[in-house]
1. With every protein chain present, what accessible area does Phe28 have (1.4 Å probe, heavy atoms only), rounded to the nearest 10 Å²?
2. Extension gain Ala11-Cys58, at 0.36 nm per residue separation less the Cα-Cα distance, in nm?
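The values are calculated or read from the model by the stated rules, or taken from the named source; none is laboratory data. Since the structure is predicted, the reported quantities are computational estimates derived from the model, not experimental observations. The area values use the complete protein model at the heavy-atom level, side chains included, leaving out ligands, DNA and RNA. Shrake-Rupley method; radii C 1.70, N 1.55, O 1.52, S 1.80 Å.
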Amino acid sequence: MDTSHSATDSAAQARQERFGHLPQRIRFEDMVVEKSAVPADSAAAAYDPAGAWSHYSCLAVDLGL
């Protein structure tokens with residue numbers, strides 16, 4: 001029975017070494033990425049009547065009713 005007790009102690013010690021501490025703290029500056037704002041492209045956001053059908057969903061129109 002002495003060997004099982006020492007095996008339990010060594011397993012507990014291995015767990016303590018692996019999980020017994022918190023990970024290193026990450027600074028706020030390392031988690032944030034700053035990007036400069038780009039003005040919106042008015043040509044890309046303009047209404048396109050030829051492509052508007054791809055955003056329109058109506059069952060009656062799909063069935064030709």
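1. About 140 Å², ignoring ligands and nucleic acids.
2. Answer, rounded to one decimal: 10.5 nm.
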